[in-house]
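Since the structure comes first, as structure tokens, the remarks are kept for the end.
The values are calculated or read from the model by the stated rules, or taken from the named source; none is laboratory data. Because the structure is predicted, anything quoted here is derived from the model rather than measured. Cβ coordinates were reconstructed from backbone atoms using ideal geometry, including for glycine residues, and neighbour counts include every protein chain displayed. All accessible areas refer to the heavy atoms of the entire protein, side chains included, with ligands and DNA or RNA removed. Shrake-Rupley method; radii C 1.70, N 1.55, O 1.52, S 1.80 Å.
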Protein chains: 2
Amino acid sequence: MNVLLVYAHPEPRSLNGALRDFTVNRLEQAGHAVQLSDLYAMRWKATLDADDNTAPQPGARFDPSADSMRAFAGGTQRADIAGEQDKLRWADALILQFPLWWFSMPAILKGWVDRVYACGFAYGVGEHSDTHWGDRYGEGMLAGKRAMLVVTTGGWASHYAPRGINGPIDDLLFPIQHGILFYPGFEVLPPHVIYRSSKINEANFGEVREALGKRLDTLATTPPIPFRRQNAGDYRIPELTLRPELAPGESGFGIHAG
Amino acid sequence: MNVLLVYAHPEPRSLNGALRDFTVNRLEQAGHAVQLSDLYAMRWKATLDADDNTAPQPGARFDPSADSMRAFAGGTQRADIAGEQDKLRWADALILQFPLWWFSMPAILKGWVDRVYACGFAYGVGEHSDTHWGDRYGEGMLAGKRAMLVVTTGGWASHYAPRGINGPIDDLLFPIQHGILFYPGFEVLPPHVIYRSSKINEANFGEVREALGKRLDTLATTPPIPFRRQNAGDYRIPELTLRPELAPGESGFGIHAG
């Protein structure tokens, strides 16, 4: 497979840096082709703004979606954005690796999403009708590809357990896994989460590495999270609420995996 | 009251820009003092890195938490970070205003959190013992202050309803409201969410503005979301799971408001 690893940690000599190197190696040794987007090393521009279109309209009001659509369709996106989109087209699988900062991605990675996910590429795709509300949530330009999160946390696993104070890890990652990955079409594998990162040392690193290694070895075969497709009949259109006969009486993130 | 408005939209001539101006005006006319952090106008540095400490240790491995703690305690933080912390100390209430991009904040605002929320300021505060796991989730440096989100979305309210495909808005905002605001001590008011932002025009803007105006008029009196305090007896320490007799058999974000 072709694998794109998008990686966001400022220090190469960190646990995350070691896991990044291990990941690239393990995948290549298994015969995969790997591209690495090391966002800090690339000095990735995190902030979406009017400069992302190289053909701005002087004096015009900047509309993030409309401008993104114009730049994408007209081929006037900044080269860094177009380059990442090319990597996504090339990839059969995407891995996002990051430390959980404030229960989400580091800003630099959020800025990769905000900018690379252009209108016409990751959203604003497909027709809107009575039976089809855009190519999204299971359809879209990235359909047929797989994606997986590799996340480190300082907190303990119990803090992220179903009744843990931080909230369940699957719910904290839902906006990313469902909202960012499943939305433009990725099949999303269960995340690989490494807790209590500050307690990882030379003695236990081998174990940590091998647990990740197993996930990388099964990247092509691990069953994805069974998120429900938007346009396959489970949702009312255009309200986009789950039909009452499915998960009756329930609500929350959990009902969107069938 | 002293109110800090942290605002993240790239175009002043946008709905968000108009709501920002309205907010500042309405609060000042009611006798409040307002400071505005307009992150795009400030060209806010979104990416946390070693340069955030003006006294880096040459050749040393960069550890985001440890370095942040050293810079905060030693007074060597970059001026932009220290300036925002001063505004937070000054404020009685914080408003974060932003468009929901990919079910979270724009990267520039996440980078405000990542960088301004220093170790020793917003986390890593207080003792860890058998009965007290740091001053957080209801305690901390920002305790006694109020906070509120003002959020615009392109999607419809039904898409964010309890059974809507995007997930319930309160759950999508939980990582921000509980994980970013309640964590360092803020009392968090219910969010003010403006749906279908592209459908707002001159004809209905007055209504939109007045709905926000009512929330601003009651900023000091609206009851906060009753998030449970970490160290007040509801959680086991150090596992930090909710005691089994509270919300028995339930799990998810909802159990953390009592």
Among the residues listed as A:Leu242, A:Leu219, A:Leu189, the single one being over 30 Å from B:Gly138 (Cα atoms) and touching a helix residue (DSSP H, G or I) at 6+ places or on another chain (Cβ under 7 Å): A:Leu242
Which pairs do you get when a residue that is farther than 22 Å from A:Gly252 by Cα, found in region B:231-258, comes within reach of a residue that is among the aliphatic types (A, V, I, L, M), reach meaning Cβ atoms under 7 angstrom, with the pair 6+ apart or on two chains? B:Asp234/B:Leu242; B:Asp234/B:Leu246; B:Tyr235/A:Ile165; B:Tyr235/B:Leu242; B:Leu240/A:Ile165
Might you check whether a residue that is among the β-branched types (Val, Ile, Thr) and either within 11 Å of chain A (Cβ to nearest Cβ) or open to solvent by less than 10 Å² (accessible area, probe 1.4 Å) (or both) occurs anywhere in region B:118-125? no
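Listed here are the residues, each with its yes/no results for (1) open to solvent by less than 30 Å² (accessible area, probe 1.4 Å); (2) within 30 Å of B:Arg26 (Cβ to Cβ); (3) within 14 Å of chain A (Cβ to nearest Cβ).
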residue	(1), (2), (3)
B:Arg43	no, yes, yes
B:Leu48	yes, no, yes
B:Asp52	yes, no, yes
B:Asp63	no, no, yes
B:Ala73	no, no, no
B:Arg78	no, no, no
B:Ile81	yes, yes, yes
B:Asp86	no, yes, no
Applying the selection to region A:147-187, what residues are crowded, with 22+ Cβ neighbours inside 10 Å and at positive phi? A:Gly167
Number of the exception - B:His132 against (1) in contact with a helix residue (DSSP H, G or I) (Cβ under 7 Å, 6 or more places away or on another chain); (2) without any contact (Cβ under 8 Å) to a residue 24 or more places away in the chain; (3) surrounded by fewer than 17 Cβ atoms within 10 Å (Cβ to Cβ): (2)
Could you say whether any residue in region B:16-28 is open to solvent by less than 30 Å² (accessible area, probe 1.4 Å), within 14 Å of chain A (Cβ to nearest Cβ) and within 16 Å of the chain's Cα centre (by Cα)? no
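Hey, any hits in region A:138-158 for a residue that's without any contact (Cβ under 8 Å) to a residue 12 or more places away in the chain and at the interface with chain B (Cβ under 8 Å from one of its Cβ atoms)? It would help to see each step written out before you state the result.
Keep residues of region A:138-158 that are without any contact (Cβ under 8 Å) to a residue 12 or more places away in the chain, which gives A:158.
In the following step, the residues that additionally are at the interface with chain B (Cβ under 8 Å from one of its Cβ atoms) were identified as A:158.
Yes, some residue in region A:138-158 is without any contact (Cβ under 8 Å) to a residue 12 or more places away in the chain and at the interface with chain B (Cβ under 8 Å from one of its Cβ atoms).
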A:Ala220 vs. criteria outside any helix (DSSP H, G or I), open to solvent by 30 Å² or more (accessible area, probe 1.4 Å) and more than 10 Å from chain B (Cβ to nearest Cβ): yes
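Go over the candidates B:Ala232, B:Ala247 one by one and state the one that is surrounded by fewer than 17 Cβ atoms within 10 Å (Cβ to Cβ) and outside any strand (DSSP E or B).
Numbers: B:Ala247 fails: surrounded by fewer than 17 Cβ atoms within 10 Å (Cβ to Cβ).
Within the list B:Ala232, B:Ala247, the selection yields B:Ala232.
Take the conditions among the small types (Gly, Ala, Ser) and closer than 28 Å to A:Pro99 by Cα and apply them to B:Ala73. Does it pass? Please lay out each step first, then the result.
On the way: among the small types (Gly, Ala, Ser): yes; closer than 28 Å to A:Pro99 by Cα: yes.
Yes: the conditions hold for B:Ala73.
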Filter region B:174-217 for residues that are closer than 22 Å to A:Gly179 by Cβ and charged (D, E, K, R); which is farthest from the other protein chains (Cβ to nearest Cβ)? B:Lys199
Residues (closer than 22 Å to B:Tyr123 by Cβ and open to solvent by 20 Å² or more (accessible area, probe 1.4 Å)) located in region B:88-101: B:Arg89, B:Trp90, B:Asp92
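Let's see how each residue does on (1) touching a residue at least 24 places away in the same chain (Cβ under 8 Å); (2) farther than 25 Å from B:Thr47 by Cβ; (3) not β-branched (Val, Ile, Thr):
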{"position": "A:Met1", "(1), (2), (3)": "yes, yes, yes"}
{"position": "A:Leu15", "(1), (2), (3)": "yes, no, yes"}
{"position": "A:Asp21", "(1), (2), (3)": "no, no, yes"}
{"position": "A:Arg26", "(1), (2), (3)": "yes, yes, yes"}
{"position": "A:Arg43", "(1), (2), (3)": "no, no, yes"}
{"position": "A:Ala46", "(1), (2), (3)": "yes, no, yes"}
{"position": "A:Asp49", "(1), (2), (3)": "no, no, yes"}
{"position": "A:Ala55", "(1), (2), (3)": "no, yes, yes"}
{"position": "A:Gly59", "(1), (2), (3)": "no, yes, yes"}
Which members of region B:200-215 meet the condition of being among the small types (Gly, Ala, Ser) and either at pLDDT below 95 or under 26 Å from the mean Cα position of the chain (by Cα) (or both)? B:Ala203, B:Ala211, B:Gly213
